[in-house]
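Each remark here refers to the structure printed beneath this line.
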Amino acid sequence: MNFRCHGVLLALLAACASTSDTLHRDVQSAVSADPSQALAAFERFKGLEGTWVGKSTKGWTEQISYQTIATGSCVLESSFDAHLNEKMVTMFYVDGSRLMLTHFCAAKNQPRLVATEFADDGARITFTFLDATGIPSRDTGHMDKVVFRFVDSDRFKSQWTWYQAGKEKWLEEIELTRVASAAQ
């Protein structure tokens, strides 16, 4: 490799590393240093335990269940039929002072998102892309952001952002309603 090509390659590698570092720094700096917000939000997710019905702005309906597992350290969301006859899983957990989620997607990848904003006294929580497995680069299509808006103990909304080729491709909002148990 000649000196000129070597210099261009080094400049490209430095630019990629700088972009990645900037994204990581931006997400890290947006995360609250106050662990009480992450813990309070995690308790809100624990309160979702049970069965829910979700209706999407894209026209489909799904059944979702929430279950607290692993000695209370994880909330498991299991959704069925967001994609025809397909199940997806999202896991919510606290990592130090951060509230995290990992989404096991029908797109065959697993983005990890971190809560970057707690607003409206914890009734609105925004998760932003941190990293992922199953994608060769961030530009590969994946769920990149989700905003949860809690209306009351029996209703909430989630707005999911798909990211691909350097930009948001579409937004989808799902309105969820708790299914009353037979014991009530």
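The values are calculated or read from the model by the stated rules, or taken from the named source; none is laboratory data. All figures in this text were calculated on a predicted structure; none of them were measured in a lab. A quick note on method: Cβ atoms are made from the backbone with ideal geometry, for glycine too, and the neighbour counts reach across all protein chains shown. Only protein heavy atoms, including side chains, enter the accessible area calculation; ligands, DNA and RNA are left aside. Shrake-Rupley method; radii C 1.70, N 1.55, O 1.52, S 1.80 Å.
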Relative contact order as a percentage, the stretch 77-150, C-alpha pairs under 8 Å and 6+ apart, gives 22
Within the stretch 99-175, which trypsin sites (Lys or Arg not before Pro) sit in a loop by DSSP and count at most 13 neighbouring Cβ atoms inside 10 Å?
Lys108
Residue-level accessible surface for Glu49, protein heavy atoms, 1.4 Å, Å²:
90
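Which sequence of Trp60, Trp52 reflects their accessible areas, 1.4 Å probe, from the largest down? Could the numbers behind the result be given before it?
Details: Trp60 55, Trp52 0 Å².
The ordering from most to least exposed comes out as Trp60, Trp52.
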Greater than 22 Å apart at Cα, pairs in Lys108/Lys157; Lys145/Lys169; Lys55/Lys167; Lys46/Lys167
Lys108/Lys157; Lys55/Lys167; Lys46/Lys167
Label Glu175 and Ser56 with points 7 Å out from Cα along Cα→Cβ: what is the distance between them in nm?
1.7
Could you name the aspartates and glutamates in cross-link range of Lys87, using Cα to Cα under 15 Å and dropping any fewer than eight places away on the same chain?
Glu62, Glu77
When the solvent-accessible surface of protein heavy atoms is calculated with a 1.4 angstrom probe, in what order do Ser158, Ser181 fall, highest first?
Ser181, Ser158
Once amide H atoms are placed 1.01 Å from N in the peptide plane, what residues at a sequence separation of 5 or more from Lys145, or on another chain, have their amide H within under 5 Å of its amide H?
Thr161
Given H placed 1.01 Å from N in the peptide plane, which residues other than close sequence neighbours of Trp60 have an amide H under 5 Å from its amide H?
none
When only Cα pairs under 8 Å and 6 or more residues apart are kept, what is the percent relative contact order across the stretch 30-184?
19
